[in-house]
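All remarks here apply to the structure that follows.
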Amino acid sequence: MEIKEGYFYTKEHEWVKIEGDTAKIGITDYAQHKLGDITFVEPPENGKEISAGSAVTGVESVKAASDIYSPISGKVSGFNEALENEPGLINESPYDSGWILEVKIKDESEKEKLLTAEAYREYTEGLE
Amino acid sequence: MAKFTPHTDEQIKEMLEVIGAGSVDELFKDIPEDLKAKEFNLPAGMTENEALKTMKNLAGMNKKYYVSFLGGGFYDHYIPAVVDSVSSKPEFFTAYTPYQPEASQGTLQAIFEYQTMTAKLTGLDVANASLYDGGTALYEAVVMAVRSTRRTKIVVDEGVNPLFRRMLKAHIKNLDIQRVNIKTAGIKPDKEKMLDEIDENTAAVIAANPNFFGHIDDYSGVFEKASEKGAVSILNFYPISLGVLKTPGEMGADIAVGEGQSLGLPLSFGGPYLGIMTASKKYARKLPGRIAGETTDSEGKRAYVLTLQAREQHIKREKATSNICSNQALCALRAAVYMSLLGRQGFRDTAIINMERAGKLREGFKRINGMKVMSGVFFNEFAVEVKGGSKAFVNKMLAKGFVAGMPAGLFYIDKEDVLVVNATEKRTDNEINGFLAAAREVMR
Amino acid sequence: MKNIFEISVKGRKGFDPGEADENILEKIDKSLLRKGELVLPEISEFDAVRHYMRLGRRNFSVDENFYPLGSCTMKYNPRVNETAASISGFASMHPLMSYIDEASVQGALEVIYNLSFLLCEITGMKKITTQPYAGAHGELAGIMLMAAYHRKKGNNKKHIIVPESAHGTNPASAAAAGYDVVSVPVDESGDMDIEAFRAVIGPETAGVMMTVPSTLGVFEKNVSGIAELARENDALMYYDGANLNAIMGRVKPGEIGFDIIHMNLHKTFAAPHGGGGPGSGVVGVSEKLSGFIPVPEVIKTPGGMYGLNFNVKDSIGMLASFFGNFGVLLKAYTYILMLGKEGLVDATEKAVLNANYIMKKLKPYYDLPYDRLCMHECVFSAKKQAAKGVRALDIAKALIERGIHPPTVYFPLVVEEAMMIEPTETESKEEIDIFIEAMEEIARLAENEPERIKNAPAGMPITRPDETKAARELKLTCL
């Protein structure tokens, strides 16, 4: 199972990549394995104000559905439209072309609460 | 007493021994004593013969009139014998939801074909496997619209069947949805008012064609404005009429819902019926309930499965598109058999015959004293103003053995004089002539 | 196999409805008529009969296959029920006659009234509404009743408590009526975790939905305590009757603290499942909710006539166009008439006997997460087999290959690799033994030759379908 260095993580198995004032968000390799083949990603409401930890959208696989919780507060500013036709990108490339949404960060200090790659690795190992 | 448990005393003993229990009672020992029922006052059982006799006696207490012109959203159409024959095959009626595709290709393919036929009939792209009835289908469509637009106002034409509107009202009572009812102008929709009410807060606009009074209209303009404002257009349709009438799809509706009873289901005092729902492609993933989809098996052969299950309650629980689990599958099967049996030509011909029968009846009404056929365009049901009130007229006709139609005053306080009359392909010249003669007498 | 459009031949006609005069359409403005051609099959009557005959052969059904689908109560459907529902005096009745001429529908109303009376006695409830069309619709009705009750009392309620082991319809129904859902775990014996329950119940709790016996097949021992806590908080107790087949004649939900119950007439009372429906989700309520039931209510007047009462003061309104799935009510009523008191008690006893027998016999082969007496169904886990790479789904497919419909798999969610087995009372020991042998054989194969299971089923109309493809490349119609 891959965990990418330089990203932040959450216990909900999501990753965050900070690019300036924007947070790019996706689900981890661990999560895509658990869910199985992703069949649909609900486009989030663009411009919606969200607080950290609240559900912002959802993904569906053949036999499961999972909410995507925003790891960070802010405003939804982008969605990976390639997922509309190719939701499988999440399975093939969870950390790159399978990213899900972007959020304009409201409070930069929140990133302190996120897990580092190291901490996330430890967390997932504890789950097995 | 009839009984359907095959256990012999010997077997019960053997089974208890395996379990390690001394008696059947012991198997219930997890139930705390104080929770056990003190008494169970049910009558003793009957033999099959006695039970059936009881049922026949009860059925016999229902009065059968000579001939009926009652519609009101539920119609007396002819049901070809093949429909009963297929739906009474135990391979269909004693199966359950096709969760295991390898053991359920029959049901799945039948649903898939049903979806195709209902989608084509309504001129839309996709359909689900069925909902409970016309009214609950309307409610589900409204919930779909509210969710996908994230808006809360709905605009409802009062020409939509009042029973369905009452059901809608009850079902959305605890949800944040504001209903705006648009009064009809006479028996026709007030399309200007509907247009005025469609705004940026509107989730859905809802109309029926034909409406409750039988009047046919074109809602294209209303739906166009809805689309401009980002609202969802919902059309409640009458399946048989779509043999000839402009389809919901052709009018620009996003979702079409209808009571499917007319497609091969007996009237059966209100059910089981069939809620049909079809929609344009972009709503496919928002549909409530089961949906069959085509795929391939591991050897590349065509196969059918229940698809998009992640929308459903057994996976998404409180976030599901609907709570529906059991639907009206066998009724959908009957509808599929009905539609495929009538086919392209027979379905259209049936619609035309309905129109012709009602037309003949309408002409007759025009020549009766104190009766005024209301202005409108009609399919197989139409509205008449009856001098002295429609309820009184219906009562007098009952005494002569005829059910004369639906007194609109039962549902619309300002329409005490209006009678809604229906004639299907089943009504013969003799029946229509006899009815008109009796009506003339009553109105003399 | 070809689909119905592929067997269609241009110009072929099936059913002939009679002479149709196209000219009549000229009387109507063209803008009101359909432009696109009506696309329906073009087949003969015989083509239709063959097509559906062939489809039927591609199904498992209770009549042909042992069908131990947990929570679904796939018992035998007595044929006389079908005969009763098709009596013309019922089948041809227009429901609006109840609005136009009550005197003409006395027999039908009497059926509804009598059935309601019997179901009240079976459940210990005060009133019944037959309107809900299916179990989930009954649940929605139940939550709507709760909402109406709390609104009337001015209670500010926000959420419904549902145990984790509940059917998915429970949380979905609660949400559909506007409530939040709070889920409570089960403890190691399969009962609701009472401490966790205590922690979440409070003044904002509108109701508690319970399935008794639970979906783990065990009788909830804490039910009185739970009901008492609910009462203290003016929260209503909801009984999901999916498993009513386990307690008939032994426990009456209305007597042990429940305010609302839905029954699945297609499960407990032997109406057929129809390939997915129609069912009937009749709802019963206690005294305190009697004033909230849907209208019209079927009543008996002092004069002995049956009629409709629209004046239920705090009614939640109309949930069905008329009286629910009346045809299904007829089947359930016929069934109850035939079985009577002794028959219903016997049905429950044999259902529980069959389930315990299976549980005991399969225990050496499969992991049993809750090892205690079960009620009408038992839940195993395929954990042991999964370690060898054989999952519950593989076991299901291997059963299909052996002509047996699989149990419910992957539910309840609280059991890993769950297999929920409900044999029902109408299966004989002989049939059950065949199932047990098949399960034993599959367990042995999983141990020694797992590959032989992973490609199952062979010999069916299809092998395993590609469900990912179905959901990604949506194809929902033939054309």
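None of the figures in this text is laboratory data; all of them are computed from the coordinates on show. For clarity, every value in this text was computed on a predicted model and none was experimentally measured. All Cβ positions, glycine included, derive from the backbone under ideal geometry; neighbour counts span all protein chains shown.
Annotations
- For chain B, the longest principal axis of the Cα atoms and the long axis of helix B:162-171 meet at an angle of about 50 degrees.
- When every Cα-Cα distance of the stretch C:349-454 is counted in 5 angstrom steps from zero, the calculated P(r) takes the values 2, 14, 25, 27, 20, 9, 3, 0 percent.
- Alpha-carbon centroids, the stretch A:96-128 and the stretch C:171-197: separation in whole Å: 30
- In Å, descending, principal axis extents of the Cα set of the stretch C:40-114: 46, 40, 20
- For the pair the stretch B:150-171 and the stretch C:218-273, the centres of their Cα atoms are 33 angstrom apart.
- Local net charge near A:ASP107, Cβ-Cβ under 15 Å (Lys/Arg +1, Asp/Glu -1): 0
- Projected onto planes of every orientation and averaged, the convex hull of the alpha-carbon atoms in chain B covers 28.1 nm².
- Within chain B, helix-based [θ] at 222 nm, where runs of 4 or more DSSP H residues each add -39,500 (n - 2.57), nearest 500: -11500 deg cm²/dmol
- DSSP bridge pairs, chain C: antiparallel proportion in percent, nearest 5: 55
- GNM result for chain B, Cα springs below 10 Å: residue of B:PRO272, B:PRO248, B:PRO189 fluctuating most strongly: B:PRO272
- Debye equation applied to the C-alpha atoms of the stretch C:125-167, log10 I(q)/I(0) at 0.19, 0.28 Å⁻¹: -0.75, -1.07
- Prolate/oblate/rounded call for chain A, Cα gyration tensor, a/c under 1.5 rounded: oblate
- Derived scalar couplings between HN and Hα for the stretch B:113-126 equal 5, 4, 4, 4, 5, 5, 4, 5, 4, 8, x, 10, 9, 10 Hz in order, rounded to whole Hz, by the Karplus curve 6.51 cos²θ - 1.76 cosθ + 1.60 (θ = phi - 60°), x for Gly and Pro.
- Using a Förster distance of 41 Å, the FRET efficiency for A:LYS4-B:LYS193 (Cβ separation, nearest 0.05): 0.10
- Our estimate of slack between B:GLN11 and B:ASP34, defined as 0.36 nm per intervening residue step minus the Cα-Cα distance, is 5.2 nm.
- The stretch B:193-212 residues near the modelled B:LEU175 label - backbone nitrogen below 12 Å, point 7 Å along Cα→Cβ: B:203-204
- Distance from the stretch B:4-49 to the stretch A:1-76 (C-alpha centre basis), Å: 53
- The P(r) of chain C has a tail past 31 Å containing 52 percent of all C-alpha pairs.
- Listed residues B:SER227, B:GLN309, B:ALA81: farthest to the positive end of the dipole of the stretch B:81-339 (Cβ charges): B:GLN309
- Hull volume in cubic angstrom per residue (convex hull over the Cα atoms of the stretch B:9-55): 132
- For the stretch B:81-339, alpha-carbon Rg over 2.2 N^0.38 Å: 0.99
- Using a cut-off of 26 Å between Cα atoms, the listed pairs B:LYS169/C:LYS331; A:LYS63/B:LYS282; B:LYS286/C:LYS13; B:LYS191/C:LYS475; B:LYS153/B:LYS281 include B:LYS169/C:LYS331; B:LYS286/C:LYS13; B:LYS191/C:LYS475 as exceeding that distance.
- For the segment B:297-307, counting C-beta atoms of other chains within 10 Å of every residue's C-beta and taking the mean gives 6.
- Translational diffusion of the stretch C:80-337 was estimated from the Stokes-Einstein equation, with Rh taken as the Kirkwood radius over Cα pairs; at 25 °C and 0.890 mPa s the coefficient is 132 µm²/s.
- For A:THR57, nonlocal amide neighbours, meaning residues 5 or more places apart or on other chains whose placed amide H falls under 5 Å from its own, are A:ILE68.
- Computed from the C-beta positions of C:ASN23 and C:SER290 and an R0 of 60 Å, the FRET efficiency is 0.55 to the nearest 0.05.
- Between C:PHE46 and B:SER227, the modelled label-to-label distance comes to 4.6 nm, taking each label 7 Å out from Cα in the direction of the beta carbon.
- Span-like helix ranges in chain C, DSSP H, alpha carbon extent 15 angstrom or more, Kyte mean at least 0.0: C:106-123, C:326-362
- Across the protein assembly as shown, Cα-Cα pairs farther apart than 52 Å form 18% of the total.
- Take the convex hull of the alpha carbons in the stretch B:207-305; its mean projected area over all directions comes to 8.9 nm².
- Compared with the dominant principal axis of the Cα atoms in chain B, helix B:48-60 is inclined by about 10°.
- Close amide H pairs (under 5 Å, H built 1.01 Å from N) link A:TRP15 with A:GLY26, A:ILE27, A:THR28, residues at least 5 positions away or on another chain.
- Hz values of 3J(HN,Hα) by residue in the stretch B:272-277 - Karplus curve (6.51, -1.76, 1.60), Gly and Pro given as x: x, 10, 8, x, 9, 9
- Amide H contacts of B:ALA208 (H built 1.01 Å from N, in plane; Pro and chain starts excluded): B:VAL160, B:ASN236 sit under 5 Å, all sequence-distant by 5 or more or on other chains.
- For chain C, the list of Cys residues with no other Cys C-beta under 4.7 Å reads C:CYS72, C:CYS120, C:CYS478.
- In chain C, helices alone account for a calculated mean residue ellipticity at 222 nm of -11000 deg cm²/dmol, with every DSSP H run of four or more residues adding -39,500 (n - 2.57).
- Label-point gap, in nm, between B:GLU363 and A:LYS34 - each point 7 angstrom along Cα→Cβ: 7.3
- Under the combined filter of DSSP loop state and at most 16 neighbouring Cβ atoms within 10 Å, the stretch B:143-252 retains these GluC sites (Glu not before Pro): B:GLU200.
- DSSP bridge analysis restricted to the protein assembly as shown gives an antiparallel fraction near 65%, rounded to the nearest 5.
- Net charge of the neighbourhood of C:ALA148, taken over other residues with C-beta under 11 Å away and scored Lys/Arg +1, Asp/Glu -1, is +4.
- With a simple spin-label model that places each label point 7 Å from the Cα along the Cα-to-Cβ direction, the separation between C:VAL9 and A:LYS11 comes to 6.9 nm.
- Residue by residue, the stretch C:268-285 carries 3J(HN,Hα) couplings of 4, 10, 6, 6, x, 8, x, x, x, x, x, x, 7, x, 2, 10, x, 10 Hz when phi is fed to the Karplus relation 6.51 cos²θ - 1.76 cosθ + 1.60 (θ = phi - 60°); x denotes Gly or Pro.
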